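Chemist: One structure is given below, represented as C-alpha cells, and several questions about it will come after.
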Amino acid sequence: MRRDAEDRGMTALDAFSKAEDSVLSEQCQCTVIPRRVSGPVREIWGMQRKLEQRRPNQVRSLYQDKRFRAAYDFMQLRANIGELDQSHVDWWDRWQSADEEQRSAMCRESGSGQRAEHKPNKNRGNKGRPRRSRTRSRYRSRSKQQGTSN
C-alpha cells in the first residue's frame with residue numbers, strides 16, 4: 001500500500017485513509033454497517049499507524065485508550081499475514097507486561113530512534129512555531145487608542 005501511495009504522489013496517511021474509505025464503501029454495498037460500528041472501525045484502523053510509530057509522548061495514552069486492545073489484536077493479525085513486522089507486536093507485548101520503570105526505559109529507547117526521523121512542519125514558518133493571530137494585537141491597539149483597558 002505504501003509503495004502504491006508513493007508512486008501516486010500520496011502520503012501514506014492519505015493512502016491509508018483512501019483505502020479505509022474504499023473498503024467501507026465496498027462492504028456497505030453488501031452489508032449495512034451502522035455508524036456506531038463504522039466509527040470504531042475507523043478509530044482502530046487509525047490507531048495502527050500510531051502503534052507502529054511508538055512515539056514516547058503517545059505510548060501511554062494509546063495504551064489507556066478504550067480501543068487499544070482491539071487495535072493491538074488487529075495489529076497482531078496484520079503481523080501474522082506478513083503485512084507488518086512482528087517486532088511491533090513484540091514491543092507492545094513487552095510493554096503490557098512491563099512495570100513502570102521498564103516502560104519508561106522502553107519509551108526512552110523508542111524515542112531515541114524517532115527524533116532522527118522528525119521532519120519539521122512546513123506550515124510553521126522559520127522558527128518552528130505557529131504564527132500568532134493578529135486579531136488580538138489589533139484589538140489591544142484599538143483599545144489603547146480609545147482609552148479603555150482590558
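Nothing in this text is a laboratory measurement; each read-out follows from the coordinates by a stated rule. Please read all numbers here as calculations on a predicted model, not as lab measurements. Cβ atoms come from the backbone with ideal geometry, glycine included; neighbour counts cover every protein chain shown.
Chemist: Enumerate the calculated ³J(HN,Hα) couplings along region 102-109 in order (Karplus 6.51 cos²θ - 1.76 cosθ + 1.60, θ = phi - 60°), each rounded to whole Hz, writing x wherever the residue is Gly or Pro.
Modeler: 5, 5, 4, 5, 5, 5, 4, 5
Chemist: Please give the length that would be gained between Ser25 and Arg94 if that part of the chain were fully extended, namely 0.36 nm times their separation in residues minus their C-alpha to C-alpha distance (nm, one decimal).
Modeler: Contour length minus the Cα-Cα distance gives 21.2 nm.
Chemist: Also, I was wondering about something else. Rounded to whole Å and ordered largest first, report the semi-axes of the equivalent ellipsoid of region 1-107 derived from its Cα gyration tensor (root of 5λ).
Modeler: 27, 17, 12
Chemist: Within 10 Å of each residue's Cβ, count the other Cβ atoms and sort Leu51, Leu84, Leu24 from fewest upward.
Modeler: Going from least to most buried by this count: Leu24, Leu84, Leu51.
Chemist: Please identify the GluC sites (Glu not before Pro) of region 1-75 that satisfy two criteria: DSSP loop assignment and at most 10 other Cβ atoms within 10 Å. Which are they?
Modeler: Filter output for region 1-75: empty list.
Chemist: Sticking with this one: Give a residue-ordered list of calculated ³J(HN,Hα) values for region 72-78 (Karplus: 6.51 cos²θ - 1.76 cosθ + 1.60, θ = phi - 60°; whole Hz; x for Gly, Pro).
Modeler: Coupling constants for region 72-78: 5, 4, 5, 5, 4, 4, 5 Hz.
Chemist: A further question follows. Where in region 67-88 does the amide nitrogen come within less than 15 Å of the point 7 Å from the Cα of Glu109, taken along Cα to Cβ?
Modeler: Answer for region 67-88: 87-88.
Chemist: Starting from the Cα of Lys50, step 7 Å along the direction of its Cβ; do the same at Asp14; then give the gap between the two resulting points in nm.
Modeler: 2.3
Chemist: Once fully extended, how much extra length lies between Gln102 and Glu43, figured as 0.36 nm per residue of separation less the alpha-carbon to alpha-carbon distance?
Modeler: Roughly 18.4 nm would be gained on extension.
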